[in-house]
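Report on the following structure.
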Amino acid sequence: MSGRGTREPVREPAPTARRDLRLVRGEETHARILERAMDLSSTQGLEGLSIGHLATSLGVSKAGLFAHFGSKEALQLATVEAARGVYFSTIIEPALLEPEGLPRLLRLCTAWLDYVDHDTFRGGCFFASASAEFDSRPGKVRDRIAETMREWLDFLESAVLDAIRLGHVKKDTDAKQLAFELHALEMGGNWARQLLLDPDALKRARTAIVHRLDALTVHRRS
């Protein structure tokens, strides 16, 4: 109906719309929880991360947080998974924009150092900290951390193999060994920056990586 002084009736959202809104809000809350969990565990460790501690930090009820995860281990695993997403979107995705071979390999290394240098996590590299904390603790959390690090090393090795195939680096280069060395240089830079508070640590790591790659690069004569 229309006419002066009449109003359209207020329509309640359809049940499906209400469910969708609750779902979106739940996902947003879940993401906010994991963002705080990653931040806390990067400085205080995953083992120190508990539902009670996190609830206090977020100013929410322990029961409400428990509904999202159910156990400390589930919270730790979800935090590792969220950090894995950050790790790969921050490091690997930018590198995939580069051409295959040496440009992509170099970008992988510099993107890793940028990830630490830009304080993506307050405690430096999340997985450097988590690896040191869980390397001798068997269980699902350790296994997922190890799987993520294997993925990273495999990706580095694959980039080296592409560089060999394309003739960018010497064909007798040991791809697995080089991936190991590049990762070690990155981790060493993170360690010196975090523990020794060396302001030049990442710069030194960049220099070492460039020198190592340059020694293996096939320099073509023009």
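Quick notes
- Some residue of the range 69-86 being under 30 Å from His168 (Cβ atoms) and not small (Gly, Ala, Ser): yes
- Within the range 86-101, if we keep just the residues that are open to solvent by 40 Å² or more (accessible area, probe 1.4 Å) and of a type in the set (A, V, I, L, M, F, W, C), the residue that is farthest from Ser158 (Cα to Cα) turns out to be Leu97.
- No other residue among Ser136, Ser158 is modelled with pLDDT under 95 and among the hydroxyl-bearing types (Ser, Thr, Tyr) apart from Ser136.
- Candidate set: the range 181-205, residues that are among the aliphatic types (A, V, I, L, M) and under 16 Å from Gly123 (Cβ atoms); chosen: the one most open to solvent (accessible area, probe 1.4 Å): Leu197
- Residue within the range 44-51 that is outside any loop (DSSP other than H, G, I, E, B), modelled with pLDDT of 80 or more and open to solvent by 40 Å² or more (accessible area, probe 1.4 Å) present: yes
- For the range 96-132, a residue qualifies if it is closer than 30 Å to Lys171 by Cα, more than 14 Å from the chain's Cα centre (by Cα) and among the small types (Gly, Ala, Ser), and exactly one does: Gly101.
- For Lys72, the conditions (1) touching a residue at least 40 places away in the same chain (Cβ under 8 Å); (2) of a type in the set (Lys, Arg); (3) over 30 Å from Ile164 (Cα atoms) are fulfilled apart from (1).
- Meets criteria (over 19 Å from Ile209 (Cβ atoms), of a type outside the set (Asp, Glu) and modelled with pLDDT under 95) for Arg142: no
- Criterion applied to Ala78, Ala55, Ala67 was being in contact with a Lys or Arg (Cβ under 8 Å, 6 or more places away or on another chain), farther than 27 Å from Leu216 by Cα, among the aliphatic types (A, V, I, L, M) and at pLDDT below 95, and the one residue passing it is Ala55.
- Positions within the range 104-127 being without any contact (Cβ under 8 Å) to a residue 40 or more places away in the chain, open to solvent by 50 Å² or more (accessible area, probe 1.4 Å) and either in a helix (DSSP H, G or I) or touching a helix residue (DSSP H, G or I) at 6+ places or on another chain (Cβ under 9 Å) (or both), in sequence order: Arg107, His118, Thr120
The values are calculated or read from the model by the stated rules, or taken from the named source; none is laboratory data. Note that the coordinates shown come from a computational prediction; the quantities given were computed from them, not determined experimentally. Positions of Cβ are backbone-derived with ideal geometry, glycine not excepted, and every protein chain shown enters the neighbour counts. Ligands, DNA and RNA are stripped out before the accessible areas are found, and what is left, the full protein with its side chains, is counted by its heavy atoms. Shrake-Rupley method; radii C 1.70, N 1.55, O 1.52, S 1.80 Å.
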